[in-house]
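Below is one structure, written out as structure tokens, with a few remarks after it.
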Amino acid sequence: MEIMGVINLDNEQDFLNELTYFRCGAAVPFGGRYRLIDFVISNMTNAGMNDIAVFTRKKYRSLMDHLGKGKAWDLDTKYGGLFILPPDWNDPTDVSKGDLQHFHNNLDYFYRGKAEYVLISGSQHICNIDYQEAYEHHLKTEADITVIYKKVDMLEPEHKQCQKLETSHEGRVLKVTNEEYNNNVYMNMYIVSKKLLLQLVEHGIAHGASHFFNDCIANELENLHVQAFEYKGVHSVINSVQSFYKNNLQLLDPEFYHELFFSEQTILTKVKNEPPARYLNGANVVNSLVGNGCIIEGTVENSILFRGVVVKKGAVVKNSIIMQRCEIQGNTNIENVILDKDVTLTEGKRLIGNEQMPFVIPKQKVI
Amino acid sequence: MLLAGGEGKRLELLTKNLAKPAVYFGGKYRIIDFPLSNCTNSGIDTVGVLTQYQPLVLNTYIGIGSAWSLDRKHGGVTVLPPFQAQDRGDWYKGTADAIYQNINFVEQYNPKYVLILSGDHIYKMNYAKMLKYHKQKEADVTISVLEVPWEEASRFGILNTTDDLRIHTFDEKPENPKSNLASMGIYIFNWELLKKYLIEDAENPHSSHDFGKNVLPSLLQDGKRLYAFQFQGYWKDVGTVESLWQANMDLLDDEPQFNLNETGWRMYSVNPNQPPQFISRNATVNRALINEGCLVDGNVDHSILFFGVQVGAGSTVKDSVIMPNVKIGKNVVIEKAIIGENTIIEDGAVIRAEEGQQREITLIGENSHIKADDAVGLEVTKGV
């Protein structure tokens, strides 16, 4: 394969409060059965990439558990496959900083890979993108680097925190800014040849840089030919509890759901051996996504139920996100709530959050 | 040794291109998942699957056995089709012959005991318990039995035992049953003894090479120690369209006898990896099992939807089993039917038994295409 992948989680903060107390953002459950990282990995493997490295720094236990040897994405191969690369600081001569440390410490990954090009991405941009198309664009324009962006129709609060691109008519990137009112949202994904990547890393470390993209690419736009590639499909950014909540519920828009999950490329995740969801007599479920293994006897509206959730008779769940194996007992009422995994809501409880500010209950709580 | 070569004629269209053990069941599974999962859960890690009829789907499905954790360095799952050897070669002529032809396979592992299973029953059973019982009784053969209602006993192979469950006679479908202990077709043999009898049986030109008809009776005749192991719990032979439909419907009870959600005895299956099911704003879903990848925009009542099924707006699916990737259009009515996989049902079609139809359950074969004006009688096969 001509491209190898790096999923760089180094610059992603623990942006989801309770949901990221014990896991990194990339491992946060999303959309009824996925984790955020599934989208970027699936997009990569769908494009035929089979050397994929994950640069992770903190709280990666649950991420490693989820990814395993990469079997769900056919990455459990004899050569190449999935490499989870936590930081390693054993080299006393190492003067690298920031995410450049990761590049520096894992030079072997790049040297050993056969690919000539590297695609580097974060995990917060949910999309179903054809990376081959971006790669062809990269070759055609003979760019040094191709960055991927989404032109959003309407700027939402979560876009505020994203970097933006200013481009020329020919699609060349002129500036990478933090401007609030610019619709060209940079998706934290770029393609670069391995040769140039290694040169830039070396140069960056020698000059005290710490953030590879910002210091070595965005600050060098005059010296480098950086092209912009526009992604035109469905897109969400998850970088706050609000955006997490809103974009999960966004999946209930049938067109959005269809485009994200039923295009030619499918999004894959670690499989579980759950039986089909079971709807009992009297169940009342509308406008919801339901994972396998759920047993529903109560009412569920505009909600997302992950795998193995139990909703007992007399329970009412509205506008909520209920993660794996939660149990909602009878005569309860929840609205605008996010329950992390294994939460039990006992008889007669009422939890009402605000649409703008959903109520988040951390893992394994009994309420 | 799992006997999975059955043609399953009585499942009609459902086994046109499939061996019976590969037929879909329970919204997600194929019938063979149940004995294979029972093996895994019982700690049996060496399994031979004997295939013969339409083996393609079954072979592909079993693969290297990873779905059931049977992808092992030593043992694991091996698919055993009939083969041509230098001096002989034949189809499997009977259950005993199938094992006889694979003596070499079994010998590789030098086992003390061999468990013989069939691949067409829905049940959960701990074979380790049965083996423990077999050892306790110092038996030569242990046969798993089920107490059936007396009035149905004449449909089964009936075992007559003494009080301590030692088998003295065996009646195949007796007119006047003396016992209601029916054989479930699950046997544990001491391998050395079985090997001897299989070789003898193979040399006998008058034998039909069947366990029930030949091998077990001659063991009994020779005074060997045959014991019955009593099984309690749900067990269903899903060999007919009616029983397949009924066993599916049994899963929909509020407290089903056969519980797929039990975490202590999981049923494993090849997972399709599809997005979570979407129940739309206009949908109603009641008493149903629905798998991932389904899009429900209509009404589903007392039915089972396998993965990737779409139910259009205004459509009603009642008392039915819809196999994978069936696309149901708008304003369709489906009642008491089994719809084979990849079938397309156009807007406005009505599928239900008409008055005077021989059978209540309407069966539609895989890859069919049903138009609104098609009169759906007893069976429909169209398309590919």
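The values are calculated or read from the model by the stated rules, or taken from the named source; none is laboratory data. Here the structure is a predicted model, which means the values were calculated and not measured. Every residue, glycine as well, gets a Cβ built from its backbone with ideal geometry; the counts of neighbours run over all protein chains shown. Surface areas here come from the heavy atoms of the whole protein model, side chains and all, with no ligands, DNA or RNA. Shrake-Rupley method; radii C 1.70, N 1.55, O 1.52, S 1.80 Å.
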Residue in segment B:231-257 that is modelled with the lowest pLDDT, counting only those that are within 11 Å of chain A (Cβ to nearest Cβ) and open to solvent by less than 30 Å² (accessible area, probe 1.4 Å): B:Pro256
Output the number of the condition that A:Asn302 fails; it satisfies all remaining conditions of (1) open to solvent by less than 10 Å² (accessible area, probe 1.4 Å); (2) touching a Ser or Thr at 6+ places or on another chain (Cβ under 7 Å); (3) within 18 Å of B:Ser280 (Cβ to Cβ). (1)
Test B:Leu198 against the stated conditions and say whether it is open to solvent by less than 10 Å² (accessible area, probe 1.4 Å), more than 19 Å from the chain's Cα centre (by Cα) and not hydroxyl-bearing (Ser, Thr, Tyr). yes
Checked pairs for segment B:76-97, first over 30 Å from B:Ser42 (Cα atoms), second open to solvent by 60 Å² or more (accessible area, probe 1.4 Å) and part of a loop (DSSP other than H, G, I, E, B), C-beta under 7 Å and 6 or more apart or across chains, list as B:Gly89/B:Phe83
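Is segment A:312-324 home to any residue that is within 18 Å of B:Val300 (Cβ to Cβ) and either modelled with pLDDT under 95 or open to solvent by less than 10 Å² (accessible area, probe 1.4 Å) (or both)? Talk me through it step by step, then tell me what you get.
Residues of segment A:312-324 within 18 Å of B:Val300 (Cβ to Cβ): none.
No, because not a single residue in segment A:312-324 is within 18 Å of B:Val300 (Cβ to Cβ) and either modelled with pLDDT under 95 or open to solvent by less than 10 Å² (accessible area, probe 1.4 Å) (or both).
This table checks each residue for (1) at pLDDT 95 or above; (2) surrounded by fewer than 20 Cβ atoms within 10 Å (Cβ to Cβ); (3) of a type outside the set (Gly, Ala, Ser).
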site: A:Gly171; (1), (2), (3): no, yes, no
site: A:Lys175; (1), (2), (3): no, yes, yes
site: A:Glu180; (1), (2), (3): no, yes, yes
site: A:Val185; (1), (2), (3): yes, no, yes
site: A:Ile191; (1), (2), (3): yes, no, yes
site: A:Leu196; (1), (2), (3): yes, yes, yes
Would you confirm whether or not segment A:203-221 contains a residue that is part of a loop (DSSP other than H, G, I, E, B), within 14 Å of chain B (Cβ to nearest Cβ) and crowded, with 17+ Cβ neighbours inside 10 Å? no
So the check is Cβ under 8 Å with 6+ separation or different chains; which pairs have a first residue in segment B:282-301 that's touching a residue at least 60 places away in the same chain (Cβ under 8 Å) and a second one that's open to solvent by 10 Å² or more (accessible area, probe 1.4 Å) and outside any loop (DSSP other than H, G, I, E, B)? B:Leu289/A:Arg278
Index of the failed condition, A:Ser243 passing every other in (1) more than 11 Å from chain B (Cβ to nearest Cβ); (2) buried (at least 19 other Cβ atoms within 10 Å of the Cβ); (3) assigned to a loop (DSSP other than H, G, I, E, B): (3)
Conditions first: (1) among the polar types (S, T, N, Q); (2) over 16 Å from the mean Cα position of the chain (by Cα); (3) surrounded by 21 or more Cβ atoms within 10 Å (Cβ to Cβ). B:Ser42 passes all but one, so which condition is the exception? (3)
Within segment B:258-271, take every residue that is open to solvent by less than 40 Å² (accessible area, probe 1.4 Å) and within 25 Å of A:Ser288 (Cα to Cα) and give me the one that is farthest from the other protein chains (Cβ to nearest Cβ). B:Asn261
Pairs, first within 17 Å of A:Ser288 (Cβ to Cβ) and not assigned by TED's automatic domain parsing to the domain that holds A:Asn287 in segment A:230-255, second outside any helix (DSSP H, G or I) and of a type in the set (Lys, Arg), C-beta under 7 Å, six or more apart: none
Counting only residues that are at the interface with chain B (Cβ under 8 Å from one of its Cβ atoms) and in a strand (DSSP E or B), which one in segment A:285-299 is farthest from B:Thr284 (Cα to Cα)? A:Ile295
Quick one: how many residues across segment B:292-312 are open to solvent by 10 Å² or more (accessible area, probe 1.4 Å), in a loop (DSSP other than H, G, I, E, B) and more than 11 Å from every other protein chain (Cβ to nearest Cβ)? 1
Restricting segment B:272-287 to residues that are more than 17 Å from B:Gly314 (Cβ to Cβ) and among the polar types (S, T, N, Q), the one farthest from the other protein chains (Cβ to nearest Cβ) turns out to be B:Gln274
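In the set B:Gly6, B:Gly27, B:Gly94, B:Gly63, which member is within 14 Å of chain A (Cβ to nearest Cβ) and within 21 Å of B:Thr240 (Cα to Cα)?
It is B:Gly27.
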Cβ pairs under 6 Å, 6+ apart, first in segment B:315-339 and outside the structural domain of B:Asn291 (by the TED database), second part of a loop (DSSP other than H, G, I, E, B): none
In segment B:1-55, residues that are among the small types (Gly, Ala, Ser), outside any helix (DSSP H, G or I) and within 14 Å of B:Met323 (Cβ to Cβ) total 2
In segment B:58-156, which helices (runs of 4 or more DSSP H) lie fully inside it and hold 3 or more residues that are more than 30 Å from B:Lys16 (Cβ to Cβ) and in contact with a strand residue (DSSP E or B) (Cβ under 7 Å, 6 or more places away or on another chain)? B:127-136
Return a yes/no flag: does segment A:19-30 have any residue that is without any contact (Cβ under 8 Å) to a residue 60 or more places away in the chain, at positive phi and either of a type in the set (A, V, I, L, M, F, W, C) or surrounded by fewer than 24 Cβ atoms within 10 Å (Cβ to Cβ) (or both). no
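For segment B:169-192, does any single residue satisfy the condition of being open to solvent by 30 Å² or more (accessible area, probe 1.4 Å) and under 30 Å from B:Lys73 (Cβ atoms)?
Step one: of segment B:169-192, the residues open to solvent by 30 Å² or more (accessible area, probe 1.4 Å) are B:169-173, B:175-178, B:190, B:192.
Imposing the further condition that a residue be under 30 Å from B:Lys73 (Cβ atoms) reduces the set to B:190, B:192.
Yes, the conditions are met somewhere in segment B:169-192.
Restricted to segment A:267-281, and to residues that are open to solvent by 10 Å² or more (accessible area, probe 1.4 Å), within 7 Å of chain B (Cβ to nearest Cβ) and not in a strand (DSSP E or B), which residue is nearest to A:Ser42 (Cα to Cα)? Step through it out loud before you land on a result.
Looking only at segment A:267-281, we keep the residues that are open to solvent by 10 Å² or more (accessible area, probe 1.4 Å), and these are A:268, A:270-274, A:278, A:280-281.
Still in the list and also within 7 Å of chain B (Cβ to nearest Cβ): A:268, A:271, A:273, A:278, A:280-281.
Those left that are additionally not in a strand (DSSP E or B): A:268, A:271, A:273, A:280-281.
Working: A:Leu268: 6, A:Val271: 14, A:Asn273: 20, A:Leu280: 34, A:Asn281: 37 Å.
Residue satisfying both the conditions and the ranking: A:Leu268.
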In segment A:31-63, which residues are buried (at least 24 other Cβ atoms within 10 Å of the Cβ), within 14 Å of chain B (Cβ to nearest Cβ) and over 12 Å from the mean Cα position of the chain (by Cα)? A:Gly32, A:Arg33
Selected residue [open to solvent by 10 Å² or more (accessible area, probe 1.4 Å) and touching a residue at least 60 places away in the same chain (Cβ under 8 Å)] from B:Arg225, B:Arg155: B:Arg225
Does B:Ala128 satisfy the condition of being modelled with pLDDT of 95 or more and over 20 Å from B:Glu192 (Cβ atoms)? yes
Inside segment B:69-101, can you point out the residues that are more than 22 Å from the chain's Cα centre (by Cα) and buried (at least 18 other Cβ atoms within 10 Å of the Cβ)? B:Tyr100, B:Gln101
